[in-house]
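Taking it in order: structure first as structure tokens, then the write-up.
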Amino acid sequence: MPFFFNLFARTPRSPNLVDAVIAISPSPWINALGWLIGLVVACGIVVINSETHNDLAPTILYITLLLMAANLFSINVVISIALMCILLLTATYLINGGYHHWESTTGFFRCLTALSAITFLALRSKYAAERLHHNELYLLGAQRLSQTGSIGFRADGKAISWSEEASRIFEYPQNELPTVEMVRARTHPDDVHLVHEVFAKAATRSELIEVKHRLLFPDGRIKYVHMIASPLFEQHGRCDYIGALMDITASKEAELALFCAHTQLAHVTRVTSLGELAASIAHEVNQPLTAITSSSEACRRWLNRPQPDLPEALQSLDRILASACRASDVISGIKALSRKSDPRRQRESINDIVSETLCLVQQELAHHQITLKVELLAQSDEVNVDRVQLQQVIINLIINACHAMDGAETRDRVMYVRTWVVGGAAVVEVADQGSGIAADVLPSLFTPFFTTKANGLGMGLSICRSIINFHDGQIWATSAVGRGTSFKFSLPVASTAARTPDEQPSV
Ligand code: ADP
């Protein structure tokens, strides 16, 4: 079952923005405390200096104080403490009358130079550390807002690391060291093979690894994640990958809601089309019933003879059985079309679907005096589709073509229905010789509620497009005013994943 159709669970939205406010510097109280401690310690150093009369010892203490401040407090506190130390060193030198002695003066300048140099280096590294910290915070903030974490892993799957946001997505404590087992434990059991595929691809040094899978939490919640990774470096036979991990739950849920709305709308329009085809459908059911009646009468005659002709009677019974099956098939087809059910894709022959649909519209074509020309070249090719939805597309294109030809000369009323396969795609074409569509109208054709008909709803083609898109195909139209219109859609042939139709959509 496609991974986004089988489960629908609500998950919490983005993290609380209050959580996203990150403290970037110590509080003013801590700074004030730092400043006070600095002042007390510096004064203590002055006292020591007055006792020892040694230049070097206090300088070492000043430097120690400065380095500690640089480690603990903000840049402003570090600058204040540095200035205070220089000031106290100078004051001590002046008060002690150091300028009377040449040695004291040179010693003072040595200490001053050392203190200034250490201050400069401490401030420089403090600036660099703060910039780094800021960048880290920006990255963290951006990851939280975009709900995208980073994840790194070794190609052999032996080690893994992740950012704070990735650990939030997986809902593990931030201080817990990640392991591949933890990722597996959170992955939905039906999607675990996708995680294995990631490491299998990494083992072959794949240039780009992309995976979308579900996470299942112990309380039953489901999250959808999308990861894209590429190799970061390769060294001594070891390759590390870096990836972006996105929480796409919200967009998946919106997609699901949209899908449900489309399914309902598609059902409504399908039932509307069936109403339009009522006469055709009645005729289609009536035909086998008439055959049953005439075969029954024949059977009766064969049996009523003085010498009952059993082989002929048996043949009549076979015809009755075949006609009854045919009527039952038509009714099941109509029931399927009118039923409201979730799409179920399976391998189907494109030609069978087209032929079955044409049976339903035969009478409609006769009613519009349209000659049908059918060319089904997509012989045994199968497509992975929901049969009912595809029939709905074909019916809609045929009904539109009938309407478009209503004004045309009777002899020109020819409709072509063709199928063929090109570049791994099965193409179906419904072409008419009707009024055609002006070039400036063509781009609006598939827009919801676009209609040129007095009683039109304008949803038919829009639904056709969403059905075809859902089946990974494309639908397009080419037309010329007065010369008719051709609608084509292409679907990937089931055995081939890639599709490269040589005809490009014009709409
Ligand atoms: P509706 O049939 O309710 O108008 P559709 O979405 O099926 O809604 O069609 C939208 C419009 O596209 C039509 O109103 C018509 O103008 C145009 N159209 C569709 N098919 C054809 C066609 N085969 N030939 C000419 N115009 C067409």
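Got a sec? Which of 334, 370, 398 is surrounded by 14 or more Cβ atoms within 10 Å (Cβ to Cβ) and either closer than 15 Å to residue 418 by Cβ or of a type in the set (Lys, Arg) (or both)? Don't jump to the end; show me each part of the working.
Values: 334 fails: either closer than 15 Å to residue 418 by Cβ or of a type in the set (Lys, Arg) (or both); 370 fails: either closer than 15 Å to residue 418 by Cβ or of a type in the set (Lys, Arg) (or both).
Answer to the check: 398.
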Need pairs with beta-carbon distance below 6 Å; first residue closer than 19 Å to residue 353 by Cα and within the range 391-407, second within 7 Å of the ligand (Cβ to nearest atom) and of a type in the set (A, V, I, L, M, F, W, C); sequence gap 6+ or separate chains. 397/487
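Restricting the search to the range 458-467, which residues are small (Gly, Ala, Ser) and more than 8 Å from the ligand (Cβ to nearest atom)? Even if it seems obvious, please write down each step before you answer.
Initially, the range 458-467 is screened for residues small (Gly, Ala, Ser), giving 458, 460, 462, 466.
Correct list: 466 only.
Suppose we filter 141, 107 for residues that are part of a helix (DSSP H, G or I), in contact (Cβ under 8 Å) with a residue 60 or more places away in the chain and of a type in the set (Gly, Ala, Ser); which single one remains? Spell out the reasoning first.
Working: 107 fails: in contact (Cβ under 8 Å) with a residue 60 or more places away in the chain.
Result: 141 is the single residue among 141, 107 that is part of a helix (DSSP H, G or I), in contact (Cβ under 8 Å) with a residue 60 or more places away in the chain and of a type in the set (Gly, Ala, Ser).
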Pair list, Cβ under 9 Å, 6 or more apart: the range 410-424 residue among the small types (Gly, Ala, Ser), other residue part of a strand (DSSP E or B) and crowded, with 17+ Cβ neighbours inside 10 Å: 423/490; 424/492; 424/493
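Just wondering, is there one or more residues in the range 441-457 that are more than 9 Å from the ligand (Cβ to nearest atom), in contact (Cβ under 8 Å) with a residue 40 or more places away in the chain and either in a helix (DSSP H, G or I) or open to solvent by less than 50 Å² (accessible area, probe 1.4 Å) (or both)?
From the range 441-457, those more than 9 Å from the ligand (Cβ to nearest atom) are 442-443, 454; that's our starting set.
Then drop every residue that is not in contact (Cβ under 8 Å) with a residue 40 or more places away in the chain, which leaves 442-443.
After this cut, where a residue has to be either in a helix (DSSP H, G or I) or open to solvent by less than 50 Å² (accessible area, probe 1.4 Å) (or both) as well, the list is 442-443.
Yes, the range 441-457 contains at least one residue that is more than 9 Å from the ligand (Cβ to nearest atom), in contact (Cβ under 8 Å) with a residue 40 or more places away in the chain and either in a helix (DSSP H, G or I) or open to solvent by less than 50 Å² (accessible area, probe 1.4 Å) (or both).
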Out of the residues in the range 252-266 meeting the condition of being more than 23 Å from residue 338 (Cβ to Cβ) and either touching a residue at least 24 places away in the same chain (Cβ under 8 Å) or among the aromatic types (Phe, Trp, Tyr) (or both), tell me which one is surrounded by the most Cβ atoms within 10 Å (Cβ to Cβ). 252
Going by what's in this entry, would residue 276 be described as open to solvent by 70 Å² or more (accessible area, probe 1.4 Å), in contact (Cβ under 8 Å) with a residue 60 or more places away in the chain and in contact with a helix residue (DSSP H, G or I) (Cβ under 7 Å, 6 or more places away or on another chain)? yes
For residue 437: the one exception among (1) near the ligand (Cβ under 9 Å from one of its atoms); (2) open to solvent by 60 Å² or more (accessible area, probe 1.4 Å): (2)
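The values are calculated or read from the model by the stated rules, or taken from the named source; none is laboratory data. Quantities reported herein were computed from a predicted structural model and do not represent experimental measurements. No Cβ is skipped: glycine too gets one built from the backbone with ideal geometry, and neighbour counts run over all protein chains shown. Areas reflect the complete protein model, heavy atoms only, side chains present, ligands, DNA and RNA absent. Shrake-Rupley method; radii C 1.70, N 1.55, O 1.52, S 1.80 Å.
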